[in-house]
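Throughout, read-outs are computed from the coordinates displayed, never taken from laboratory work. Please read these numbers as outputs of a predicted model, since none were measured by experiment. Every residue, glycine as well, gets a Cβ built from its backbone with ideal geometry; the counts of neighbours run over all protein chains shown.
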Amino acid sequence: MKVLLSPNPYRDRGLKTAMTAKRILEDNGAQVVICLPFDLEDSSRVHLPAHQPFGQMSAELEDTDVLVCFGGDGTILHAARDANAHQIPVLGINLGSVGFMAELEQHELSMLSRLTAGKYTIEKRMMLDITVRRDGRRVFSETALNDAVVTKGTSVARVLDLQVTGDRTVISSFSVEALSYNETMGDWRTHDGIDIASSLGTRVQATAKGVVSAVYEDDVMGVTVVVDHGNELFSVYSNLEENPPVAVGDTVASDTVVGEVGETSVAESGKQPHLHFAMYQGDAPINPEDYLGQ
């Protein structure tokens with residue numbers, strides 16, 4: 001087995017952690033190569049082991065079995081882009097402050113011996129294929145893990161109008177701290193949920209088990225169903241067809257139909273048919289995207 005180690009030299013001072021990992025893997029029969037994840041600046045004061053050779057990432061990835069990176073989440077995100085081109089699994093070892101994406105902590109290096117023994121599983125992660133087009137011409141493309149960021153660059157700050165799609169379905173994003181333009185009402189306002197485009201009559205299922213706490217027609221958001229999930233967590237389904245099939249006090253599961261997509265929201269009638277989905281913790285709106293898929 002060939003294992004490529006990619007330590008962030010600004011996190012792994014003197015590459016002490018990477019060198020310890022190298023010894024563990026070599027003692028268990030692995031071929032180990034070390035490659036830095038990026039070029040160092042000439043002015044950087046990074047100490048590297050004097051007698052340790054370093055490979056070129058692009059060349060070494062050609063026949064690598066596993067890429068092990070050392071650093072924080074940023075290091076792992078960078079490594080994922082390199083490894084994706086060769087379909088190589090990535091194992092992250094956290095040397096950062098949090099390390100949500102890392103699988104191992106620094107004190108767990110002994111577990112690397114499981115790699116050569118084949119005692120591991122591979123979890124697949126979705127990646128993003130990003131393309132920027134200007135006047136119909138592609139000016140930028142990249143692959144990324146987790147997110148892509150649109151910034152104003154060096155120009156003056158200004159509001160950007162974006163159409164966000166998921167699987168070619170238009171979605172209006174959650175926005176309670178920044179104003180978004182409402183085309184129907186012709187003004188700028190907060191948006192306490194997300195709008196998920198769908199066909200009229202599409203069945204809407206509860207996002208999790210709970211008890212229906214309210215069924216009503218809102219003057220602005222139309223026919224609405226509210227489900228209480230306990231601990232003051234509520235999911236809200238608006239712009240539904242009239243006469244939803246649930247009533248206050250009904251117990252629902254994660255697949256219970258609470259209504260159908262309609263056109264009852266006055267504030268969002270200018271959009272294509274969609275479900276307005278919101279979630280609240282007590283009286284405070286929270287981002288529904290943090291709960292979808294859980």
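Some notes on this structure:
- Ranking of LYS124, LYS119, LYS22 by count of other Cβ atoms within 10 Å, fewest first: LYS124, LYS119, LYS22
- Nitroxide proxy distance, nm - points 7 Å out along Cα→Cβ at ALA284 and SER58: 4.8
- Using the Cβ-Cβ distance between ASP228 and VAL257 with R0 = 22 Å, the FRET efficiency computed as 1/(1 + (r/R0)^6) comes to roughly 0.80.
- Label-to-label distance, ALA208 versus ASP135, with points set 7 angstrom from Cα along the beta-carbon direction: 5.0 nm.
- Derived value for the range 2-117: Kirkwood hydrodynamic radius 14.1 Å. Basis is the mean of 1/r over every pair of different alpha-carbon atoms.
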